[in-house]
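S.K.: Quick one: this structure, given as C-alpha cells, is what I'll be asking you about.
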Amino acid sequence: MNRILCTVSAVVIGWLSLPQLAAANSDSRKIDGAHSTITVHVYKSGFLSAFGHNHEIQAPIQSGAVKESDSPSVELRIDARKLQVLDPDASEGSRAQIQDTMQGNQVLDVGHFPEIRFQSTSVEPKGPDHWIVHGNLALHGRDRPLAFEVTLKGERYRGSASLKQTDFGITPVTVAGGTVRVKNELKIEFEVAFMK
C-alpha cells in the first residue's frame with residue numbers, strides 16, 4: 001500500500017509540475033524555416049575581376065529557436081545542401097557550375113559537412129529592438145566565434161555579419177590563374193520569422 005501511495009504521489013507531483021515547466025519554456029520561440037532565410041554575398045576581386053561577377057547565395061533556415069527572456073539565446077541550423085546560387089546576371093550553365101563548385105570539396109564539401117550551425121553565447125543590447133549576438137558558428141567542420149548585428153522589425157529579426165572563408169579552412173576560389181577570384185570575406189544576412 002505504501003508503494004502505491006508513493007507512486008500516486010509522484011504522478012500527482014509530476015502533473016502539478018508540468019504547467020511550471022511549460023511556462024519556463026514558453027519564452028522560447030521556434031523559427032519558421034519556410035519563411036526564414038539566410039543570404040550570403042560573395043564578392044569578386046583580382047586584376048581581371050571586371051570579367052567575373054559577384055555571387056548571391058540563399059537557403060532556408062532549416063530549424064532553430066530564439067529565447068526571449070532575461071538570458072536570451074539564439075540557435076540556427078542550415079542545411080548546406082540547400083544553399084542555392086541565385087546570381088541573376090549569370091547564365092543557367094554558369095550558375096550550375098558555381099553551384100557545383102560551392103557544394104563540392106573545393107568549398108563547402110557538403111558531402112562531409114551537411115550542416116551549418118550557429119549557437120549564441122551572449123546577447124548584448126544596443127538599444128530598442130537592436131542587439132549584438134555573440135556565438136559560435138560551425139561551418140566546414142570548424143567552430144569559430146562570430147557576432148551578428150540584429151534588429152527586430154515588425155515580427156521578424158533581421159541581421160548581418162561578415163566572416164572570412166579561411167577561418168573555416170576554405171580557400172577562396174580563383175580562376176584564370178588567380179586574375180579573377182572571390183574575396184576571402186563574405187557578408188551574411190538573415191531574416192527570421194516565427195511559427196504561429
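Here, each number is a calculation from the coordinates, and none is a lab measurement. Being a predicted model, the structure only gives us computed values, none of them experimental. No Cβ is skipped: glycine too gets one built from the backbone with ideal geometry, and neighbour counts run over all protein chains shown.
S.K.: Order 160-173, 54-67 from most to least packed using the mean count of other Cβ atoms within 10 Å. Provide the component values of the computation, followed by the final result.
M.R.: Values: 160-173: 15.4, 54-67: 18.1.
Peptide ranking by packing, descending: 54-67, 160-173.
S.K.: Using the Karplus equation 6.51 cos²θ - 1.76 cosθ + 1.60 (θ = phi - 60°), what ³J(HN,Hα) coupling, rounded to whole Hz, does each residue of the range 132-140 give in order, writing x for Gly and Pro?
M.R.: 10, 9, 9, x, 10, 9, 9, 8, 6
S.K.: Amide H to amide H under 5 Å from residue 86: which residues, 5+ apart in sequence or cross-chain, H placed 1.01 Å off N in plane?
M.R.: The answer is 56, 57, 58.
S.K.: Follow-up question, since we're still on this one. Could you run the Karplus curve 6.51 cos²θ - 1.76 cosθ + 1.60 with θ = phi - 60° over the range 106-111 and give me ³J(HN,Hα) per residue in whole Hz, x for Gly and Pro?
M.R.: Result, ordered by residue: 6, 10, 7, 6, 5, x Hz.
S.K.: Each residue of the range 165-170 in turn: what ³J(HN,Hα) in whole Hz from Karplus with 6.51, -1.76, 1.60 and θ = phi - 60°, glycine and Pro shown as x?
M.R.: 4, 5, 5, 10, x, 9
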